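What follows is calculated from the coordinates using simple rules that are stated; it is not laboratory data. Note that this is a predicted model, so its numbers are computed, not measured. A quick note on method: Cβ atoms are made from the backbone with ideal geometry, for glycine too, and the neighbour counts reach across all protein chains shown.
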Amino acid sequence: MEQLKTIGRELAMGSQGGFGQSKEFLDLVKSIGEARSKAEEDRIVLREIETLKRRLLEPDIPKRKMKEYIIRLLYVEMLGHDASFGYIHAVKMTHDDALPLKRTGYLAVTLFLSDDHDLIILIVNTIQKDLRSDNYLVVCAALNAVCKLINDETIPAVLPQVVELLGHSKEAVRKKAVMALHRFYQKSPGAVSHLVSNFRKRLCDNDPGVMGASLCPLFDLVTIDAKSYKDLVSSFVSILKQVAERRLPKSYDYHQMPAPFIQVKLLKILALLGSGDKQASESMYTVLGDIIRKSDSSTNIGNAVLYECICCVASIHPNPKLLESAADVIAKFLKSDSHNLKYMGIDALGRLIKLSPQIAEQHQLAVIDCLEDPDDTLKRKTFELLYKMTKSSNVEVIVDRMVDYMISISDDHYKTYIASRCVELAEQFAPSNHWFIQTMNKVFEHAGDLVNIKVAHNLMRLIAEGFGEDDDATDSQLRSSAVESYLRIIGEPKLPSMFLQAYAISALMKIYAFEVAAGRKVDMLPECQSFIEELLASHSTDLQQRAYELQAVVGLDAQAVQAILPRDTRCEEIEVDKDLSFLNGYVDQAIEKGAQPYIAEDERNGMGNVSNLRSQDQHESIQHGLRFEAYELPKPPMQSKVDPVSSTDVVPVPEALSYRETHPISSVGSTSEAGSSELKLRLDGVQKKWGRPTYSTPTSSTTNSPSEKPANGASHVDSATASYSKSRDSQNTKKTEIDPEKQKLAASLFGGSSQPERRSSTGHKASRSSGGAADGSRGSKAVEKTIQQPPPPDLLDFSDEPTVTSALPSVDPFKQLEGLLDSSMSSTTNHNAGTATIAPDIMSLYGDSTASQDSLDIFHGLSTEPTGATSGETTVTTLPQSVKGPNAKDALEKDALVRQMGVNPTSQNPNLFRDLLG
Amino acid sequence: MIRAVLVMNTQGRPRITKFYEFWPVEKQHEAIRNVFSVLCSRAEHVSNFVDAESIFGPAKLLSFPELDFQPKVRRTADSRLVYKHFATLYFVFIFDSSENELAMLDLIQVFVETLDKCFRNVCELDIVFNYSKIHAILDEIIFGGQVLETSSTEVMKAVEEITKLEAASNAINLVSKSVSNWRSR
C-alpha cells in the first residue's frame, strides 16, 4: 500500500502517464488506491461508470482510446460493479482486424460474458473466422475465447475448425486445440463423444507438450470409465518411465525435476487404471519404485510428485515393498517443519491407512501434534484422518475432540459437515447407549439446526422403542437418564432450536404414555409442566399441538392411552386402506345428494387442495419409511470373520441392528441396501400411529453414509475383496493393542492445558515401555501376516516368466560380482550409454508417429522393452522372496539381467548385498 | 481443473480475477470477499492450503447422459484453495481434486516468477497498469482451466512474441516499459 501511494504521488506530479494509459485512468487507479473506505471506493467507481457511459456514446472514438475504455470497464467490473453497458463494445472489438485490439476484445468478452449470454451469437461468427486465420496468435486468442464462451448449442459451429487445428503445425496451437476439445467434452460430453479417439492420438504427438495436454482429457475419460482405457496402461507406464529418466528435452525440467506436471498427471491416471486391477498394477511397480527413490524431496514439486506416488501406491493393487517406501515418505512429510508437507503427509496417511493400518501407530504423536496445530486447514485434514481411523476403541476420544472443535468454529458449512461426521461415528461405534445419548445431546446443543433431521428421528425412535436389549430394566433406566438429560437442556436459558423442543415434547409424550398405559401413576415434574405450558403458547402451531396432545393424553385412563399409543408395536404392520372403502357409504350418500364425484389426482392437473396434499403424504410415507435400526454396538468391523481376540465385545443383537454394521463395508453395499428396503417396508406404519406425517424422511437419507465416504474411499471400492479382508484382519489384531495407548493419549489430551505437548509425549513413552514387549510381538506378528498373506503371484512370481530367468544360466557369477563391486563406475557408464543410444531412438519414434498415425502401436513397441526389465528388477527388489531363498547366484543373475535390460542399477537395494554376504 | 485465479492485495482489493467457469459478478465478489476474510485471518507460517468448499461450493460433477452405464467413480466434488503471500499481494488459485496442491503452489511460483521477469521487481502497481499483459501471461500458463506451460522462460517467449507481433501489426504501442523501469530513472 505504501508503495502504491508513493507511486501514486509521483504519478500525480509527473507526466501524462508514460504507459500508454491516459491521465484519467491513472487518476482513477490512484484515487481508488487512496480510498479510505469501501463506500468511498464505490463512489469513485460509480463516477467512473458515469464517465465511461458518456464517453462510449461519443461518435468516432479512436481505436486506441476505445481499447483503454474497455480496460477501464474490466477494471470497474473487477471492483464489483456492473459494466454490462459496455459489453457490446467489447464484442465489437473482437471484430477488429488489428491484433492488439482483437486480443483485448477477446480478453474482455471472456471475462464479461457467460456462455449463454445473448451477445455470444455475435461472436461465434468471428471466432469461426479467426480459427481459420493464418496468424497463429489470432487462432490462439480465438481458442481461448472458445473455452469460455462456447456452450453445447454453439459447439457444433466451431467443432470442425477446432478438430482441424489438432493437426496444426505449431505445437502451441495443437496444445490449445486439445485443451479446447477437452473443455467441450466437459461441457457437453455428448457433442464430442465421437472425437474422443483424438485424445488417444495426441498422446503420441511428437511434441511432449501436446502429449502432456492430452493427459488432462484422458484423466477425465479414465475417471469415468477406466475399463476402456486399460490398453493404454503400458503406454502410460512407458511415458512415465521416459519422463522420469529425463528423456524429454531439458526445457521441460522444472526445478531440476523432469516435467513434474506431466508426472503428476500420469500418476493420477495410473492410480485410476491400477485400482482393482492386479495385472495393470504390476506393470507399474517398477516405475513407481524408481520415481519414489529418485524424487527430490527438498523441493516443493518433488514432494508433489512423491505425494502422487503415494496416492497411486495406495490406490493400485498393494505391493508390500512400495507400501513400505510410501510409508517412509509419509514419515518424512510428517516430520517436516513445513505445514504444507504435514498437510500432505496427513492426507497421504489417510489414503494408506486402509491398506496398512499399522503405519498410523508410528505417527500417532505427529498426528496429535497436527490436531493441536493452530492451522485450521491442517486440523481439518487431521479430523478427516481420525474419522477414517475411528474404531470402537477410540471413538470416544475422537468424537469428543470433534465436538470440541465443532463448538469452537463459526463456519456453518464446516460445522454441518463435522456434526454429521460425529453423528455417523457415534452411531457406528458408540461404546454405550448412555454415551451415545450424551454425545447426541452435545451435537444437537451446538449445531442443532445444522444436523440432518433424520438423525433426530432415529434418536427419538431409539429412546422410545428400546435399545434392542432383552432387559427391560436397562431400557427404562436409559430412558429416564435420557429424559433427565433432556430436562437439563430444557432448563438452559436458550433452547437451540424449535426442532429440539419438538423432540423434547415428543419424548415426554411417549414416556408418559408408557407410564400411563402401564397403569402407574404419573407425577408430572414441575420442569415438564412449565415447559409444556410454554409450548402451549408457542408460535409454532406444530409445537402447540404436541403440547395439547400431551396434556390430553396424560389426562386419559390407561386403556384409552393403550389404544392411542399402543406399546411395542414397532414391528406391526398397519394396513392402510388406500381406497378408503369404509367411506363408500358416505360418498354414495353425498353423490346422491348431488355432490361432485371425486376426480383422481392426476386428472385434476395440479389443482392444489388439501386432499391432494394428504394423498401425496401418504404416498410418500409408504415409499420412504424411516430407517429404524438402532445404532451399532461395539463390535469388530467384520461380521463374517469373527476374530477370537475381540469376540468378547460382541453382543448378540437382533437382526435389525446388525444391518448397520455391514454398512461401512462398501463391497457389500448392495446387500445391505436390500436389507434396508425390507426394513422400510416393515416399519412404515409406525410413524403414522403417532399421527405425524412430518416424521417421514426421504429414502435417500438411508443410504447416506456410503455417499459421505471420503473421496479416496471411492477408489478403493473396486479393489479386490481379498485385499479388504486382509487389511481388516490386521486391523482386528491391532485394535486391542492400540487401546491402552489411545487411552493414555486421550488422558493427555484432556489433561492440563499448560503443557499438553510434553505430557502427551511422556504418556506415550510410558505406555510404550510398559506395553513394549507385547507391542513388539504383536507388531512382528502383523508384519509376518502381511508377508504371508498375499499370495505369491503378488510378488511377481518368476514362474510367469520362465524364459527370462533361464536365459542366462551360463553367466559366471564371479564375473558378475566383479561388475557389481565396480558398481558406481559401471552404473554411470551403463546409464549414459543407455540414454545416449535410446534418446535418439525415442526422438525418431516421436517423429515417426505423425507419419504412421498408428500411434498406439509405437508406445506398445516401446513398452515391450521395459516390461521385460520390469519383471527382472522387481524380482530383485521383492524382499520376502529373496529372504526366503537366499541364493547369491540367483540374485546376481537377476542383477545382470537387469543391467542388460538397461535399467538403472539397483545398488540402492540392500537385499542384494545381504544375499551376497549371507 | 483450475476454477479460478485471484490476485488481491492485503486490503482485499482484487487486482486480477479470472474465473474459468462462469460466475455472475455479484457471486465473484462474494467469493473474493470470503476468500479475503479467510486469508487475512490466517496466521503466518501455516500451510498455504485452505479448504474452500464453503466458499466455492462443490465442483460441478461431470454428467454423462449419453452413457448407458453409470460410471463407477465420479470425480470427487471439492474445491481447494492454495494461496501465496508476496509483499502486498495474495495470489490465490482455486481448483478441484484433479490437481495437486503442491504443484499448484509451484504454479503460483511460476506465475510470479514470470511476472517478475517481465517487469523486473514486479510490484502491485505493475499489475494494475498492465492489465491486459498480465492476462496474456496468465493465459499462457493456464488455458481453459488446465495447466498449459510451467516454464517461465517459455511463457516469456510466448508473451514477447505476442507483444512483438502486436506492435508490428499495429501502430499502437503496447505498454512495454514497466513502472519500475520508469521509477528507476
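Over 26 Å between Cα atoms, which of A:175/B:164; A:335/A:442; A:201/A:265 qualify?
As for pairs spanning more than 26 Å Cα to Cα, those are A:335/A:442.
Two decimals, Cα atoms only, Kirkwood Rh: what is Rg/Rh over the stretch A:141-214?
Details: Rg = 11.3 Å, Rh = 12.0 Å.
Taking Rg over the Kirkwood Rh, I get 0.94.
In peptide A:300-309, how many Cβ atoms from other protein chains are near each Cβ within 10 Å, on average? Intermediate results must be reported in sequence, preceding the final value.
Values: counts 7, 9, 2, 5, 8, 3, 1, 4, 3, 0.
Mean shielding by partner chains, rounded to a whole number: 4.
Using just the Cα positions, wrap the stretch A:229-369 in a convex hull and report its mean projected area in square nanometres, one decimal place.
Its Cα hull, projected and averaged over all orientations, spans 7.9 nm².
Let me confirm one metric for peptide A:256-266, namely the mean number of other chain beta-carbon atoms within 10 Å of its residues' beta-carbons.
Going residue by residue through A:256-266 and averaging, the value is 3.
Within 10 Å of each Cβ in A:76-82, how many Cβ atoms from other chains are there, averaged over the peptide?
For peptide A:76-82, the averaged partner shielding equals 5.
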